[in-house]
Amino acid sequence: MITLILIFNLWAQPIAIQSQQSSDLEYEKYLNDHPELISYVQYFKKQHLNLSHALYQELKQAQFEFINGSLEKSHQHFQRIVDLKHQQDWNEEERATIHFAFLRLAQLTSEDLVKNQLLIDAFEFDPTLKIDKLLFPPPMVETYYSLKKTKKENVWSLPQNADQFDEVLLNGRSVGKRTGFVRAPNSIQRFTFLSNRFKAVTLTVKSSQLETIKIVLSPLSEGNCENPRWTQEMDEKIDFILIDQDCIGRSNYNLNTHPPKIVGLSQIEHKSRSQFSFVKSKWFWLGVSVLAVGAIVSQNQKQESVAHPPVVKIYTNE
C-alpha cells in the first residue's frame, strides 16, 4: 500500500510527502507516474528564498559603491553578504555571490593575515567554485590556489540517524544521499539533512563534530490516511491533501482539476536565477575592476589595519 500526503500550495506545484508506511520504491514510483507532483525535498530546496532578496540587494549596493570608488562602503556591503553564509541553504548562484564577496573583501584589505583568512574562507565555503583570473590581481589568485592546496578536505562520519534522510546539503550544495559520510573541510559549516518523511534538520558545526551528534527524527505526518496529523508547522495558505488507494472518497482525487493559481516551481527557480545573472558577466566585473583598481591601491596604502572576518556562531538544531 502506498500512502502519500500532498501539500497543494496556491502558488506552486503539488508536493508529495512520503508517509511512514510507504517504502522508498513506492514513493519514487508514484512520483514517476505523476509528473505533476514534486517531492518534499525538491520543495524544501526551492522554497527557502527568504534571505535571497537581502543577498541580492547587498550585492547591488556593494557593486554600486565599488564602481563609484566608495571602497569603505563597498566593504561594508560585501561584509554583510559573507555574514549571511550560514543563514540559509543557498543555491549555486547565491553561493557564487558569497564566494565572490569573500574574494572582494580579500582584495580590499592590506593586512596579509586577514587577506589569507578571507581566501581560505572563500574556498572552504564552496571548494567547487573557481576564482576568475580576469577579475582579481594575479598575486591574489596565486595565493588563493596556493592556500587551497594546503587545506585538504577530510571525510567525516555523519550523525547518528543521518541514514534516514534522503539528501545532505553543505552550505546549500548537495553532497550525498545516504552514504554515511561527507567530504568537507574541518571548519564551521552548515549541514542540512533533507527527507521526504522527516522534518529537515540543520546543524551549523565544525565538520569533526558531526559524528558526536544524534539527530532526533521528527515525522512530517502521523496518523492514517483518513485522519492525518501534520507535525510540522506549515504556511496557512497551503492545503494538505492525502492520497491513498485505501482512502474512501479520496482515491479518485484528480489533481488536474485543481491547477496552481499563480506560478510553478520552474518559474520560481527562473526568478531566483535571474536576480543573480549579472554575477556571471565577466565583462561587467572586469570593467568594475579596471575602474576601482586605482582606488583600491590608494586605499590600501593608507590603511594601517582592517577589521577581522566575522565571528561565526554555532547553531545546532536537533
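The values are calculated or read from the model by the stated rules, or taken from the named source; none is laboratory data. Everything numeric in this text was worked out from a predicted model, so none of it was measured. Here the Cβ positions follow ideal geometry from the backbone for every residue, glycine too, while neighbour counts run over all protein chains shown. Heads up: the accessible areas ignore ligands, DNA and RNA and are worked out on the full protein's heavy atoms, side chains in. Shrake-Rupley method; radii C 1.70, N 1.55, O 1.52, S 1.80 Å.
For segment 164-176, which residues satisfy the criterion of being outside any strand (DSSP E or B) and surrounded by fewer than 17 Cβ atoms within 10 Å (Cβ to Cβ)?
Gln164, the sole residue that qualifies.
Quick grid of which residues meet (1) farther than 19 Å from Ala184 by Cβ; (2) open to solvent by less than 20 Å² (accessible area, probe 1.4 Å):
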residue	(1), (2)
Asp121	no, no
Ile131	yes, yes
Leu147	no, no
Asn154	no, no
Ala162	no, yes
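Please give the number of the condition Thr109 fails out of (1) touching a Phe, Trp or Tyr at 6+ places or on another chain (Cβ under 9 Å); (2) of a type in the set (Ser, Thr, Tyr); (3) at pLDDT below 95.
Looking at each condition in turn, Thr109 falls short on (1).
Test of understanding: among Thr212, Thr192, which residue is at pLDDT 95 or above and crowded, with 18+ Cβ neighbours inside 10 Å?
Answer to the check: Thr192.
Could you grab me the full set of residues in segment 58-104 that are aromatic (Phe, Trp, Tyr), surrounded by 22 or more Cβ atoms within 10 Å (Cβ to Cβ) and over 23 Å from Lys148 (Cβ atoms)?
The answer is Phe66, and nothing else.
Just checking, which of Ala162, Ala184 is under 20 Å from the mean Cα position of the chain (by Cα) and within 19 Å of His99 (Cβ to Cβ)?
Result: Ala184 is the single residue among Ala162, Ala184 that is under 20 Å from the mean Cα position of the chain (by Cα) and within 19 Å of His99 (Cβ to Cβ).
Glu26 versus (1) among the acidic types (Asp, Glu); (2) open to solvent by 40 Å² or more (accessible area, probe 1.4 Å); (3) within 23 Å of Lys115 (Cα to Cα): which is the lone unmet condition?
(3)
Val201 is checked against (1) open to solvent by 40 Å² or more (accessible area, probe 1.4 Å); (2) under 21 Å from the mean Cα position of the chain (by Cα) and fails just one. What number does that condition carry?
It fails just one condition, (1).
Cβ-Cβ distance below 6 Å, separation of 6 or more or different chains: which pairs start in segment 27-44 with a residue that is in contact (Cβ under 8 Å) with a residue 60 or more places away in the chain and under 18 Å from Glu167 (Cβ atoms) and end on one that is of a type in the set (S, T, N, Q) and outside any loop (DSSP other than H, G, I, E, B)?
Partner pairs satisfying both residue conditions: Tyr27/Gln18.
Do you know which residues across segment 36-69 are touching a helix residue (DSSP H, G or I) at 6+ places or on another chain (Cβ under 7 Å) and outside any helix (DSSP H, G or I)?
Answer for segment 36-69, where residues must be touching a helix residue (DSSP H, G or I) at 6+ places or on another chain (Cβ under 7 Å) and outside any helix (DSSP H, G or I): Glu36, Leu37, Ile38, Ser39, Leu49, Gly69.
Determine which member of the set Ser110, Ser146 is under 23 Å from Arg183 (Cα atoms) and of a type in the set (S, T, N, Q). Talk me through it step by step, then tell me what you get.
Working: Ser110 fails: under 23 Å from Arg183 (Cα atoms).
Being under 23 Å from Arg183 (Cα atoms) and of a type in the set (S, T, N, Q) holds for just one of Ser110, Ser146, which is Ser146.
Only one of (1) open to solvent by 50 Å² or more (accessible area, probe 1.4 Å); (2) within 30 Å of Ala200 (Cα to Cα) is not met by Glu111, so which one is it?
For Glu111, the exception is condition (2).
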